[in-house]
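First the structure, in the form of structure tokens, and then the observations on it.
The values are calculated or read from the model by the stated rules, or taken from the named source; none is laboratory data. If you're wondering where the values come from, they're calculated on a predicted model, not measured in any experiment. Because the Cβ atoms are built from the backbone with ideal geometry, glycine has one as well, and the counts that use them run over all protein chains shown.
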Amino acid sequence: MLALVLALTLAAPPNARLAWERKCLYCHSEEVAEGHRYTEPQWRRVVEKMRLKAPLLISKADAVLLTRYATQTLKLVLPPARPTPMVVAPLKPVPVDKPPADELKTPVMTDLPADLPADLPPELPPTPPDDSLRTNADDELDQQATALIQARCSKCHALGRVYGRLDTYERSLTTLERMRLKTGSGITDDDLAVLERYLRAQF
Amino acid sequence: MTRWWVGALVLAAASAHAFDVTAAGSAAVDYRYVSGPNPPENPSTLGITGLTYEVAQKLVAEVGHGVSFTVKACAGCHGLEVDQGFGEVRVKRFFNVRAGRLNLPFGEFNLRHDPTNFTTPSKPLPYAMGDMLWYGREGFNLGIVPAPFVDNGVEVYGSLSLSKKVQLDYSAYVVKGLVGDNDIDWARSRNYLDINRTPAGGGRVVLTGEDWAVGASFTGGTYDPKDTLHYLMGGLDLYLRFGPVVFRAEGLARRTDLDPTATGYAYQVIDSWFLKVGWYGQVDWAIIPQLTLVLRSDGLQHFGLPIPESSIQPNARVLRQTVALMGRVNENFAIKADYELWTVTDAPFTARHLARLGVVVGY
């Protein structure tokens, strides 16, 4: 199994693996990010939930790439939900002769498997962003903004905890403004304009 | 008393959810091992030789219209202290004001004084405090400037665009000033009440470009109750980034008047002042995003009359060479380790090898 995952990992386009490592393994270990299996729509929702924790780290375009990486490269997918408890928790198979009563009663026709947390933001669109409407300019903006955040914020923040703090549009803007005015920040008007445009697209 | 005002205001704001409040905090534990017999000690509130800690909690309340309030409390070698407690009005990019208990922008490192914001387990020597070897009055009596450089007063600051990529940032302030008794005492300088009539002033300018910055800082004032003993500090700093490699260098100096009427000087008093110069050069190389290798060389040079309690000679010097590693476990947690070689000239201290291991948590 490990070998299979390894083989698949190596076969993946290198930048998808790199993005996965840099972004999904930024806050937690592989055990958390790769220890779950979901259906494809569920992966989209998990990745969107993660994106909302750190929208400056995981852009909308990243979310598409990373969902694809989880489902198609790492193949951390469940077959479409069927009403059997075995499918709900394939990683810890339940002895067939003694299925836990409540798990049997749980309706599994919905998107949510048993281990998907219930606190998904209710306002989330059922189908998260898809990349068909994206243009080259969008990609360029993403790249420019990501590079800027790395270069400018790391000048003073050695730990990189910046991403988790910038979690709403207003807070991100005021924080950027306050940071820009730190004497010697090196954040220019142009930088701020790029970051503002990028932020507007992320929330 | 102002500190309780600001604190109460921010807490009220936080509980009422009236404003957007951002919280951030950090904690750092550092263990150091010094080679040889009778190693110089450092203050350890935990009572364990060589072990120090520092915790800080900060709240920023954004009230709207560019107004915000910041409170930062920290605890370390000197118990619980208020590091920041100020209100800030962002008027224009080139003109903004903050007032209250400030962190003064003296030097490049001072902005990054929180352990989550620098890569080595120890501060550079010009900014060294209790983590320095021979830091007491019998030795070098600390570095050039404290980090954080906390004082009460008013600061105006802003930024001017010189071209698309180049800008000039400035800050100018009027504050209570440093305090002491025949040389400056950093702990007493953080008291809330002034001890003399003359305010201190200072400023900093930084020219920044795409991947570089050069800065200059100065400050001065009187530090005794009678307003007769002056101090004057200046510094120059440089920052360069080449992709994953960052180079920083700073040189700082402080000229401090000594009390000519004090007794116990080991030398005849001709000029009743001394000059202390401190510097560091440091390269940070992010080998991979999670791991940074640091090479640093820093030093502190004394010129002139040593204070009466000190056993150093007029031209005493301490040098340190450091190799450090910082490993980021995740966005909140990092491990720092280093090896430091300390050498001294013109002082009755012996060279020491020092190793540090630290853990830093930030959120």
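Take the residues in the stretch B:181-200 that are without any contact (Cβ under 8 Å) to a residue 60 or more places away in the chain and within 17 Å of the chain's Cα centre (by Cα); name whichever of them is farthest from B:GLU309 (Cα to Cα).
B:ASN191
Name the single residue, out of those in the stretch B:213-240 being of a type in the set (Val, Ile, Thr) and over 16 Å from the mean Cα position of the chain (by Cα), that is surrounded by the most Cβ atoms within 10 Å (Cβ to Cβ).
B:THR222
When the stretch B:203-219 is examined, which residues are found to be in a strand (DSSP E or B) and either within 20 Å of B:PHE149 (Cα to Cα) or more than 7 Å from chain A (Cβ to nearest Cβ) (or both)?
Correct list: B:GLY203, B:ARG204, B:VAL205, B:VAL206, B:LEU207, B:TRP212, B:VAL214, B:GLY215, B:ALA216, B:SER217, B:PHE218, B:THR219.
Read through the list (1) surrounded by 19 or more Cβ atoms within 10 Å (Cβ to Cβ); (2) closer than 22 Å to A:CYS153 by Cα; (3) touching a Gly at 6+ places or on another chain (Cβ under 8 Å), then give the number of the only condition that B:GLN57 fails.
Result: B:GLN57 fails condition (1) only.
If B:GLY139 satisfies all but one of (1) in contact with a Leu (Cβ under 9 Å, 6 or more places away or on another chain); (2) over 23 Å from B:ARG296 (Cα atoms), what's the number of the condition it fails?
If we test B:GLY139 against (1) in contact with a Leu (Cβ under 9 Å, 6 or more places away or on another chain); (2) over 23 Å from B:ARG296 (Cα atoms), just (2) comes out false.
Exactly one condition in (1) out of contact with any strand residue (DSSP E or B) (no Cβ under 6 Å at 6 or more places or on another chain); (2) in contact (Cβ under 8 Å) with a residue 60 or more places away in the chain; (3) closer than 22 Å to B:ASN182 by Cα is not met by B:THR256; state its number.
Answer for B:THR256: the failing condition is (1).
Could you list all residues from the stretch B:80-94 that are part of a strand (DSSP E or B) and within 10 Å of chain A (Cβ to nearest Cβ)?
Across the stretch B:80-94, the qualifying residues are B:GLU88, B:ARG90.
Residue check, A:LEU52 against (1) modelled with pLDDT of 85 or more; (2) away from chain B (no Cβ under 14 Å); (3) under 11 Å from the mean Cα position of the chain (by Cα), all met but one. Which one?
Against the list (1) modelled with pLDDT of 85 or more; (2) away from chain B (no Cβ under 14 Å); (3) under 11 Å from the mean Cα position of the chain (by Cα), A:LEU52 comes up short only on (1).
Evaluate the stretch B:237-246: report whether one residue or more is basic (Lys, Arg), within 11 Å of chain A (Cβ to nearest Cβ), assigned to a strand (DSSP E or B) and without any contact (Cβ under 8 Å) to a residue 40 or more places away in the chain.
Taking every residue of the stretch B:237-246 in turn, at least one turns out to be basic (Lys, Arg), within 11 Å of chain A (Cβ to nearest Cβ), assigned to a strand (DSSP E or B) and without any contact (Cβ under 8 Å) to a residue 40 or more places away in the chain.
Would you mention how many residues in the stretch A:177-202 are assigned to a helix (DSSP H, G or I), within 9 Å of chain B (Cβ to nearest Cβ) and either among the basic types (Lys, Arg) or buried (at least 19 other Cβ atoms within 10 Å of the Cβ) (or both)?
Total satisfying the criteria: 2.
Determine if the stretch A:146-155 includes at least one residue that is modelled with pLDDT of 80 or more and outside any helix (DSSP H, G or I).
Looking for residues that are modelled with pLDDT of 80 or more and outside any helix (DSSP H, G or I), one finds at least one in the stretch A:146-155, hence yes.
Could you tell me whether B:ILE270 is away from chain A (no Cβ under 14 Å), loosely packed, with under 15 Cβ neighbours inside 10 Å and either at pLDDT 95 or above or not in a loop (DSSP other than H, G, I, E, B) (or both)?
No; evaluated as a whole, the condition is false for this residue.
Which condition breaks for B:VAL150 when tested against (1) more than 13 Å from every other protein chain (Cβ to nearest Cβ); (2) β-branched (Val, Ile, Thr); (3) more than 18 Å from the chain's Cα centre (by Cα)?
It is condition (3) that B:VAL150 fails.
For the stretch B:11-53, which positions are under 14 Å from B:ASP131 (Cα atoms), buried (at least 16 other Cβ atoms within 10 Å of the Cβ) and modelled with pLDDT of 90 or more?
The answer is B:ALA28, B:VAL29, B:ASP30, B:TYR31, B:ARG32, B:VAL34.
Does B:ILE144 count as touching a strand residue (DSSP E or B) at 6+ places or on another chain (Cβ under 8 Å), of a type in the set (A, V, I, L, M, F, W, C) and within 21 Å of B:ARG254 (Cα to Cα)?
Answer is yes for this residue.
Of the residues A:THR174, A:THR168, which is in contact with a strand residue (DSSP E or B) (Cβ under 6 Å, 6 or more places away or on another chain), within 14 Å of another protein chain (Cβ to nearest Cβ) and under 17 Å from B:VAL60 (Cβ atoms)?
The match here is A:THR174.
Any idea which of (1) over 20 Å from B:ALA334 (Cβ atoms); (2) at pLDDT below 95; (3) of a type in the set (Gly, Ala, Ser) is the one B:GLY76 doesn't satisfy?
Result: B:GLY76 passes all but (1).
Which of the residues belonging to the stretch B:128-156 are touching a Ser or Thr at 6+ places or on another chain (Cβ under 8 Å) and small (Gly, Ala, Ser)?
Result: B:ALA128, B:GLY130, B:GLY139.
Only residues that are in a strand (DSSP E or B) and within 14 Å of chain A (Cβ to nearest Cβ): list them for the stretch B:58-79, please.
Those that are in a strand (DSSP E or B) and within 14 Å of chain A (Cβ to nearest Cβ): B:LYS58, B:LEU59, B:VAL60, B:ALA61, B:GLU62, B:VAL63, B:GLY64, B:VAL67, B:SER68, B:PHE69, B:THR70, B:LYS72.
Kindly provide the set of residues from the stretch B:188-202 that are more than 14 Å from chain A (Cβ to nearest Cβ) and touching a Pro at 6+ places or on another chain (Cβ under 9 Å), ordered by number.
B:SER189, B:ARG190, B:ILE195, B:ASN196, listed by residue number.
Starting from residues that are part of a loop (DSSP other than H, G, I, E, B) and aromatic (Phe, Trp, Tyr), keep the ones in the stretch B:134-192 and report whichever is nearest to B:GLY235 (Cα to Cα).
Among those that are part of a loop (DSSP other than H, G, I, E, B) and aromatic (Phe, Trp, Tyr), it is B:PHE149.
Working only within the stretch B:95-116, note down all residues that are facing chain A (nearest Cβ under 10 Å) and either free of Cβ contacts under 8 Å to residues at least 12 places away in the same chain or over 15 Å from the mean Cα position of the chain (by Cα) (or both).
Those that are facing chain A (nearest Cβ under 10 Å) and either free of Cβ contacts under 8 Å to residues at least 12 places away in the same chain or over 15 Å from the mean Cα position of the chain (by Cα) (or both): B:ASN96, B:ARG98, B:LEU111, B:ARG112.
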